[in-house]
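What follows draws every value from the coordinates through simple rules; no lab data is involved. For clarity, every value in this text was computed on a predicted model and none was experimentally measured. Ideal geometry is used to build each Cβ from the backbone, glycine not excepted, and the neighbour counts take in all protein chains shown.
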Amino acid sequence: MSKPVLYIFGPSVWATVPRLAVEELGFSEDAIEEKVVNLGEGANFTPEFLKLNPNATLPTLVADGRSYTTTGQVTKYLVNHAPKRVTPGTAFIDKIHEDKYDPNFPLLLARNEEEAKAAASGFPLVFLQNRHNALEKHSKTPEAAEFKSFYDEKIRANAGPLAIFKGEAPEEAKQSFFKQSTTHWEVLSSFILNDLPVILPESGFLGGPTPGEDDFHLGGWLARIVFASGGTAGKVGYKSLEKELKQPVPPKVAAYWAAWNERPSWKKIYADGLH
């Protein structure tokens, strides 16, 4: 039987979840094959990849003759087939994956003219333009015909923020995007200030003294949110969140961050910095 193939991209927040899991679950180094799909170049939009995952998302896992196409499915498979047992996941996993807590949007949002100008000269514009180019290119190939509705929807959804950062959007659309961006950070801040302190233990992890399945998801999510706020790896890297929260990070969240920073898995995955 061939080994499982895990499709990842280093900077991807959700692809980091199974990467943390692999490190924590005791798999041997050659137990799982990793293949990189460059999201920055829109490689996930090729018809070939869409045949593996019609959502064009990472992580994707091919194992036992089938594809696992969501972060939850991929990580659950790893937990169920791991040499090491950990606390299984709960309904929290579905919660952290709700759209309102999306950890990708903070890298692409803009709440005002100043942030929009910065986005237009940095990563957001480049990323969205690359997505647009890839979608247009791959959608025109003969192999793409069966995925026409997918390409049409993705091109439409990408066009809105791309037009804003290129200075081509109507004022009404731009102001709506600013409002959406502001609301998103407010929701994230409320989750960190109000929800996490209730959910998190006084010390350790949701899964106990060592990370469990829920923690793989929350750890990757929190690292991205800290990164989006300008934070860095390390025990006090989370303090960058305070400019968004407008108050100190709750003690339980700080303790949780510190606990992850002690793990060899965390040190390995974020050796080159947060993402």
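Here are the numbers for this structure:
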| item | result |
| --- | --- |
| Phi-based couplings in Hz for the stretch 229-234 (Karplus 6.51, -1.76, 1.60; Gly and Pro marked x) | 8, x, x, 10, 5, x |
| Long-range HN-HN contacts of Glu34 with modeled amide H, under 5 Å | Leu6 |
| Highest-first arrangement of 248-258, 78-88, where packing means the average Cβ count within 10 Å | 248-258, 78-88 |
| Over 24 Å between alpha carbons, listed pairs Lys100/Lys252; Lys95/Lys268; Lys117/Lys137; Lys76/Lys137; Lys174/Lys239; Lys100/Lys243 | Lys95/Lys268; Lys117/Lys137; Lys76/Lys137; Lys174/Lys239 |
| Mean Cα-pair separation over length for the stretch 5-87, i.e. relative contact order, pairs under 8 Å, 6 or more apart, % | 37 percent |
| The stretch 179-275: GluC sites (Glu not before Pro) in DSSP loop, at most 13 other beta carbons within 10 Å | Glu202, Glu262 |
| In sequence order, calculated HN-Hα J values of the stretch 257-265 (Karplus, 6.51, -1.76, 1.60; Hz; x Gly/Pro) | 4, 5, 5, 5, 5, 7, 7, x, 4 |
| Partners for Lys84 among aspartates and glutamates (Cα-Cα distance below 17 Å; same-chain residues under 8 apart left out) | Glu23, Glu24, Glu29, Asp30, Glu213, Asp214, Asp215 |
| Gap separating the Cα centres of the stretch 66-132 and the stretch 217-275, nearest whole Å | 16 Å |
| Cut-off under 5 Å, modelled amide H: who pairs with Ala56 long-range | none |
| Cleavage-rule hits, GluC sites (Glu not before Pro), the stretch 77-169, DSSP coil, Cβ neighbours within 10 Å at most 15 | Glu98, Glu168 |
| Shape of the stretch 159-275, Cα gyration tensor, a/c cut at 1.5 | prolate |
| Computed Kirkwood radius, in angstrom, where 1/r is averaged over Cα pairs of the chain | 19.8 Å |
| Amide hydrogen neighbours beyond the local backbone of Thr87, cut-off 5 Å, H modeled | Glu213 |
| Cα gyration tensor shape of the stretch 1-40, rounded if a/c is under 1.5, else prolate or oblate by comparing a/b with b/c | oblate |
| Lysines with Cα under 16 Å of Lys267, excluding same-chain neighbours fewer than 8 positions away | Lys235 |
| Antiparallel bridges, percent of DSSP beta bridges restricted to the chain (to nearest 5) | 65 percent |
| Theoretical ellipticity at 222 nm over the chain - DSSP helices of four or more residues, -39500 (n - 2.57) apiece, nearest 500 | -15000 deg cm²/dmol |
| Overall form of the stretch 200-253 per C-alpha gyration tensor (a/c, 1.5; a/b vs b/c) | prolate |
